[in-house]
Amino acid sequence: MRVPLTRYQWLSWVRSPALTQQIVQTVILVLFGLYLAANLVFLSLFATKIMKELYPQADPATKLGGLLIYGFFAGLFMRILFQKFSGLQIKPYLLLPVPKNKLIHYLLRSSLTSFFNWMPLFILLPYFIQDVLPNQSTTYAIHFLMFYVGFVLWNNYLAFSVDKLFKLKPTIAALPVILLIAVYIADHRGWISVSPFLERWFTACMQHGWLAALPLLGAVALYVYNLKALGRIYFLVDKNSNEPVTEMVIPSTLLGRLGYTGVLIGNEIRMIWRHKRSRSLLYIALLMILYPLIFMGNPVMDYAGFKVFLALFITGIFALNYGQLMLSWNSPHFDFLATRQVRIEDIFRAKYYILAGSCVVLFLVTLPYGWVYQEYLPAHIALFLYNIGFSIYVYMFLAAYNSKRIDPSKGAMMNYEGISIAHFFILLPLWGIPYLLYLVFQFLGPNVPFLIIGGLGMAGALFHTSIIHQVTKLFENRKYPILSAFRKKS
Amino acid sequence: MLNIPELEIPAGQLFGLVGNNGAGKTTAFSLLLDLIPPDQGQILSKGEPVQHRENWKRYTTAFLDESFLMDFLTPEEYFYFIGDLYGWGKPQVKAFLEQYQPFFNDEVLGKRKYIRDFSKGNQKKIGLIGAFIGDPEVIILDEPFANLDPTTQIRFKRIIEELESTRTVLISSHDLSHITEICRRIVLLNKGKIEKDIQVSPSTLTELEDYFAG
């Protein structure tokens, strides 16, 4: 009997109540993917040139080979953090007379269609066709393809095993990424030498077929292992799936002074930590803190437009990611909040303090960049103020007009549940305004635009009570549509 | 579609709502709680409209479904959170929960588990008791008996019976014998209309059973 699993997957997508939203998301995702792919193809075509420019003494092919291994390791760790392997919910099929192996084969095969597998091809293939095929021997070409494609497959199935079999905590999963960034920086600065080793590895692979075939063999072995291991663990009912409780003592003296708002803040912090999606936003913020390290000593740091965006995102990344879904985080229990003695204004105030608090923390943690790059400091301060005195209100405004139910227990990466086209129309100007202000006022002096942006933000932050009061009124008129949207599961 | 010309529930009444699926029981409760707006007419609580007001929230609590739980909290944290909303300190909530120990049957408190990891029945227990915190004058419960085990159903009936007579309790249920046992008045809905409005007497159960048997 043939079971059309792919067809059921398709039907579940087409018949979802949030179909239009999903179509919009898919279109945006595809456009974003194409943009990224175009960038990668471009990079790939110019790879030899770039290598020659950056490392005039070295052989560009070897240099690139080593760098690619770096990139693929980074890819592996990113996958472990972010790649989703849900594919098909196979539980409903376990009761039907469909062989379990068939379902697991399907799961394993469908994981290959992931975005994470396409992206490496975009960087590999143009280079392969343009530079490897005409200039290198056939053996080299075969080894090259076998090695890197094998690497992609190996990464895919290793991430698959980690996701399905080990259920790593994101705290632990994030460690290798941070470690890799640290190694790369140390290597780049010449404190340790990893790249020569990677280059030797690459050269050896190009010479010896068995070495080049190792990742591919590993991928096959992992496939078989997953098949066996998943067969043992997939049952109808999960046993012992209880998550251990994280105790949280919320400092009551501080929050007690804020009354109801304080109670809500305490609750919200618990919510952020105990839901997968919101918790992964904390890790994204952590990665963002390290982001400027990549540009250390790079002339792009001197470019003022870059400073504006860097400061905007580095101090406001959590506020952006968390704030743009504002009330949707509470959608699973919103009926409760709506019928209890909780004023919507207090909820918004609690959200404000949390979002602004995240900006303060990120601002302080990344302040040392301002000491190292003193030209960056004005942007850092100004955009921090812009975030707490303007961006957050924009997210609140967005919440009143665009609220969708989300399931906060799903991971954050590639998860666009609750995000709609309205976000793009509202967020793009939000990011454009400070840059525009910069362009307009830079002629009056290098720091004048920052004084203006910072002043605007400062005013907004000082009047937060009355601004929140106004936003609340807006929300109250939209209460019923929002409540009904929050009840619709997608 | 719910179409009710007028329905008055006096303070202190134990009020039951019965009807087949689609009769409008949950819709009725959602209207009372201002979760959905009426197309026409209004809902008054203590003579004051429910819509666009906050006063009724001070003395009204409800448990309709799992969206009234905060599933990322432990039961204790959930009860303390509700307590905080009514100015009850932790000791007061703790003492309050003490009297419901038999109802919880050692399956809820001190388990160090998030509400989302409890079974449906235990989640229901948590939600029901949560609706009693804060000395509410009006308590609205949708299908409180569904998912509860027989022992807990009986214990829950006792809890309702032992409430002070000043409290107004609104219950919907498909369990005709339970609801006739605890409610003083039963309204039967059919396709959004009030079919019967009965002051409960010993013959009510038979009357309802005859009706539903068709």
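Computed values, structure above
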{"read-out": "Shielding of A:147-159 by partner chains, average beta-carbon count, 10 Å", "value": "0"}
{"read-out": "Low-density loop positions, GluC sites (Glu not before Pro), region B:1-98 - DSSP coil, at most 16 other Cβ in 10 Å", "value": "B:Glu6, B:Glu8, B:Glu54"}
{"read-out": "Centroid-to-centroid separation of region B:56-120 and region A:259-337 [C-alpha atoms, Å]", "value": "30 Å"}
{"read-out": "Other protein chain Cβ atoms within 10 Å, averaged over every residue that makes up A:326-335", "value": "3"}
{"read-out": "Span per principal axis, largest first, for the Cα atoms of chain A (Å)", "value": "71, 68, 40"}
{"read-out": "B:Lys157/A:Asn135 FRET efficiency (R0 51 Å; Cβ-Cβ; nearest 0.05)", "value": "0.05"}
{"read-out": "Sparse-neighbourhood loop sites, trypsin sites (Lys or Arg not before Pro) in region A:116-193 - DSSP loop, at most 11 other Cβ within 10 angstrom", "value": "A:Lys167, A:Arg189"}
{"read-out": "Dimensionless Rg ratio for region A:156-218, taking C-alpha atoms and the 2.2 N^0.38 Å reference", "value": "1.45"}
{"read-out": "All Cα pairs of region A:252-486, percent lying beyond 21 Å", "value": "57 percent"}
{"read-out": "Exceeding the 21 Å Cα-Cα cut-off - candidates A:Lys276/A:Lys489; A:Lys404/B:Lys111; A:Lys164/A:Lys410", "value": "A:Lys404/B:Lys111"}
{"read-out": "Trypsin sites (Lys or Arg not before Pro) within region B:29-120, DSSP loop, no more than 13 other Cβ atoms inside 10 Å", "value": "B:Lys46, B:Arg53, B:Arg112"}
{"read-out": "With 10 Å bins from 0: P(r) over chain B, alpha-carbon pairs, percent", "value": "8, 33, 37, 19, 4, 0"}
{"read-out": "Mean separation of Cα contacts under 8 Å (6+ apart) over length of chain A, as relative contact order %", "value": "17 percent"}
{"read-out": "Relative counts (whole %) of C-alpha pair distances in region A:2-233, using bins that are 5 Å wide", "value": "1, 6, 11, 15, 17, 16, 13, 9, 6, 4, 2, 0, 0"}
{"read-out": "Per-residue mean of C-beta atoms belonging to partner chains within 10 Å, peptide A:265-273", "value": "3"}
{"read-out": "Potential lengthening between A:Glu247 and A:Gln57 on full extension [0.36 nm per residue; Cα-Cα distance subtracted]", "value": "62.8 nm"}
{"read-out": "The protein assembly as shown - share of DSSP beta bridges that are antiparallel (%, nearest 5)", "value": "30 percent"}
{"read-out": "Binned Cα-Cα distances of region A:1-84, short to long, each 10 Å bin given as a whole percent", "value": "14, 25, 27, 19, 11, 4, 0"}
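The numbers here are math on the coordinates, done by the rules we state, and not lab data. Owing to the predicted nature of the structure, the values given are computational and were not obtained by experimental measurement. Quick reminder, even Gly has a Cβ in these numbers, built from the backbone with ideal geometry, and neighbours come from all protein chains shown.
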